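Taking it in order: structure first as structure tokens, then the write-up.
The values are calculated or read from the model by the stated rules, or taken from the named source; none is laboratory data. Keep in mind it's a predicted model, so treat the numbers as computed, not measured. Backbone-built Cβ (ideal geometry, glycine too); neighbour counts: all protein chains shown.
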Amino acid sequence: MGNELIKNIKYLWHCILNVIYSDGRECTICNEYVSDEKLLCNKCRAEVKLCKEYFKICEETFEVKCFSSAYYSGIIKELIINLKYKNDFKAGEVLVQYMVDTIRKQNIKFDVITYVPSTKKSIKKRGYNQSKYLARTISYKIDTKSLEFLVKFNNTKDQIGLNGEERWKNLKDSFKCINIKYLKNKRILLVDDVITTGATSFYCAKAMLRSGASEVIILTCAKSSL
Ligand SMILES: [Zn+2]
């Protein structure tokens, strides 16, 4: 508990430093001068490959719609890595802006926002859960509630290095729901940083649908292939 508190304070401190030291005049990727409030210059922005279509995961008896803001390459990949491993919340801010744009342009409708959980082990390693940060920031920007609905069991392996089939097998039913009374009959937006095979998102969605959510829609910053 004490450890968690210290980490939260550290996280908060990082956010404060980010606000103090970002004047919004430099591109977060190439440090080029930016004339407006944006955190990404036009040149970097032009390199982002936006993802304009959604896809559906149909597994078992469930169907889940998945939206991504961009493809996982170049600038977007760099932004995600900077957020995830370097605590760069300016990069996080840019990613959130892309995700909010996707919600608006694709007219995605939902009642509550939630996120893909991390195991205690990976939070210990990195200090925070980037999907939680994305969900909370989106929630603040669009004025929609965000709640914690999922817990991941610790007994799964890291997905890195596994092929498609192994990823699905590794994650099968490895999430359980909490705060169930708040998700009953609600349309949930599930936020994550990257979608690859969709196994993580699907099993998260399945846990919430089985607990009474009326619909789960997935939104990630980026879509990647194995
Ligand atoms: Zn730039």
When the residues of the range 164-207 are narrowed to those that are β-branched (Val, Ile, Thr) and within 20 Å of Gln130 (Cα to Cα), which ends up farthest from the chain's Cα centre (by Cα)? Ile178
Of the candidates Ala222, Ala207, the one satisfying the condition of being closer than 23 Å to Gln97 by Cα, not acidic (Asp, Glu) and not in a loop (DSSP other than H, G, I, E, B) is Ala222
Conditions: (1) within 23 Å of Tyr72 (Cα to Cα); (2) in contact (Cβ under 8 Å) with a residue 12 or more places away in the chain. Ser122 meets all but one. Number of the miss? (2)
Is the range 132-147 home to any residue that is surrounded by 19 or more Cβ atoms within 10 Å (Cβ to Cβ), outside any helix (DSSP H, G or I) and touching a residue at least 24 places away in the same chain (Cβ under 8 Å)? yes
Would you mind telling me which numbered condition in (1) within 13 Å of the ligand (Cβ to nearest atom); (2) within 15 Å of Ile195 (Cα to Cα) Lys65 fails? (1)
Any pair with Cβ under 6 angstrom, 6 or more apart, that starts in the range 37-49 at a residue that is under 14 Å from Glu93 (Cβ atoms) and ends at one that is in a helix (DSSP H, G or I) and more than 9 Å from the ligand (Cβ to nearest atom): Leu39/Lys90; Leu39/Glu93; Leu39/Val94; Leu40/Val94
Some residue of the range 32-54 being in a strand (DSSP E or B), away from the ligand (no atom under 14 Å from the Cβ) and either more than 21 Å from Gly198 (Cα to Cα) or more than 15 Å from the chain's Cα centre (by Cα) (or both): yes
Right, Lys176: more than 16 Å from Asp111 (Cα to Cα), surrounded by fewer than 19 Cβ atoms within 10 Å (Cβ to Cβ) and in contact with a strand residue (DSSP E or B) (Cβ under 6 Å, 6 or more places away or on another chain) or not? yes
Which numbered condition trips up Met99, out of (1) touching a Ser or Thr at 6+ places or on another chain (Cβ under 7 Å); (2) outside any helix (DSSP H, G or I)? (2)
Enumeration of residues in the range 79-103 that are acidic (Asp, Glu) and over 14 Å from Leu39 (Cα atoms): Asp101
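Would you check if Asn82 is in a loop (DSSP other than H, G, I, E, B) and either in contact with a Lys or Arg (Cβ under 9 Å, 6 or more places away or on another chain) or modelled with pLDDT of 95 or more (or both)?
Details: in a loop (DSSP other than H, G, I, E, B): no; either in contact with a Lys or Arg (Cβ under 9 Å, 6 or more places away or on another chain) or modelled with pLDDT of 95 or more (or both): yes.
Answer is no for this residue.
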